[in-house]
Amino acid sequence: MPSDVFFMDLSATSRENLPDKLGRLINKAGIKKILGKKDHTAIKIHFGEKGNTAYIRPVFIRRIIETIKKTGAMPFLTDANTLYVGTRCNAVSHITTAIENGFAYSSMDNTPIIIADGLFGKSETPVTVDKKNCGQVYIGSEIVHATALVSVAHFKGHELSGFGGTIKNVGMGSASRRGKLDQHSNVSPKIKRKTCIGCGECAAHCPGEAIFLEDKKAYITKEKCIGCAECIVRCPTGSITINWNQTIPVFMEKMVEYTCGVLKNKQNKALFINFITDIAPKCDCLSYTESPIVNNIGVVASLDPVAIDQASVDLVNQQQGLSHTALKTGLAPGEDKFKGLYPDVDWSHQLAYAEEIGLGTRDYKLVKLRTLAYKKSE
Ligand code: SF4
Ligand code: SF4
């Protein structure tokens, strides 16, 4: 049976602005079904790295908070610390970055930020999943302790998973540092010395500070590599490779298994929202944002974490790609934008595997919210 995915486009009128429409979308999608009075509700978002501008606008997050509070639940904003050295790698700089990006207590309807895995990413709770790749997964404790979850993901491209949506936000984003490392552990890039020209691009952009240059050739210190794949997309000569066929499917499967772990104690207590806006080619962990590959589309909400990502991919792929962006092939409506960005990545594997292990279904019904007409006097 198909899962409902509720969709709002970005048209607004004097009868209903976009935050109001978003509130209506969330109610339609079933927020009242999943939240009870006093439910400690983790709103899992990405606050954006310092310098990034594609993360979800705070005004929309505020409306989500207000809608949750109307149910009597007690929301808090959360994310887990990053693996790489950046502005969100410990709770102090993470919260500081969040505030600088507009998520201050006062603008978020007096809602606190609680970093899920604590000061240094060590506050984790192991959750048994008994899946193909992971027996246990390691999740930021405060997300495990929360009694309900609302995932709010910014939908965009991603170097390793093709796209990043709900599954990435929940599975990767909620993992503690150990959990993130576990998911990236088999991404092990290698440098072809023959073609390396020693330009240093890879080293300059390596968030793990794992690459050094010697005699105009690049070398990776394995122990420092966090498997983010940034060097691969940076290299102008294609000298950095991984075994895409073996590595990426396992990475995606682990991400899906982590999502199962996060949702294990939240059966019928989780709602998923994807903002399909500012659809950048790479994730919001970067300290800059490249031009969007298609125009803004809208917001989707669902109780099914697989259906919502499938619907989001389809909505993006239906668009005309924008020229003069990172998207060089697959620009026509109907063509695969994520394959166009990352030809070596089969994004569909994460959804196929998620469906296979019962996380949700790729079969969905898109329920479109109508835009309320202008007031009669106008
Ligand atoms: S994958 Fe590349 S960029 Fe990422 S940490 Fe490893 S060496 Fe650095
Ligand atoms: S980016 Fe590529 S060519 Fe440049 S130093 Fe690194 S591996 Fe060599």
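The values are calculated or read from the model by the stated rules, or taken from the named source; none is laboratory data. Since the structure is predicted, the reported quantities are computational estimates derived from the model, not experimental observations. We place every Cβ from the backbone using ideal geometry, glycine too, and count neighbours over all the protein chains shown.
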Legend entry - Criterion (closer than 29 Å to His205 by Cβ, at pLDDT 95 or above and touching a strand residue (DSSP E or B) at 6+ places or on another chain (Cβ under 8 Å)) met by exactly one of Thr78, Thr41: Thr78
Inset, instruction - Would you mind stating whether Arg24 is crowded, with 18+ Cβ neighbours inside 10 Å and not acidic (Asp, Glu)? - result: no
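Quick grid of which residues meet (1) free of Cβ contacts under 8 Å to residues at least 60 places away in the same chain; (2) more than 17 Å from the chain's Cα centre (by Cα):
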position	(1), (2)
Met74	yes, yes
Leu83	no, no
Ser93	yes, yes
Ser123	yes, yes
Val127	no, yes
Val137	no, yes
His145	no, yes
Ala148	no, yes
Gly165	no, no
Legend entry - Residues of the range 168-191 that turn out to be under 18 Å from Ser302 (Cα atoms) and in contact with a Leu (Cβ under 8 Å, 6 or more places away or on another chain), as a count: 1
Legend entry - Only listed residue being small (Gly, Ala, Ser), out of contact with any Lys or Arg (no Cβ under 6 Å at 6 or more places or on another chain) and closer than 30 Å to Thr78 by Cβ, chosen from Ala218, Ala146, Ala210: Ala146
Inset, instruction - For residues that are within 8 Å of ligand 1 (Cβ to nearest atom) and part of a helix (DSSP H, G or I), tally how many sit in the range 204-216. - result: 1
Legend entry - Residue count, the range 251-274 (criterion: closer than 11 Å to Thr166 by Cβ and not in a helix (DSSP H, G or I)): 5
Inset, instruction - Considering each residue of the range 228-252, count those that are more than 16 Å from ligand 2 (Cβ to nearest atom) and either surrounded by 20 or more Cβ atoms within 10 Å (Cβ to Cβ) or of a type in the set (S, T, N, Q) (or both), and give that number. - result: 7
Legend entry - Positions within the range 331-378 being closer than 14 Å to Phe163 by Cβ, of a type in the set (Phe, Trp, Tyr) and touching a Lys or Arg at 6+ places or on another chain (Cβ under 9 Å), in sequence order: Trp347
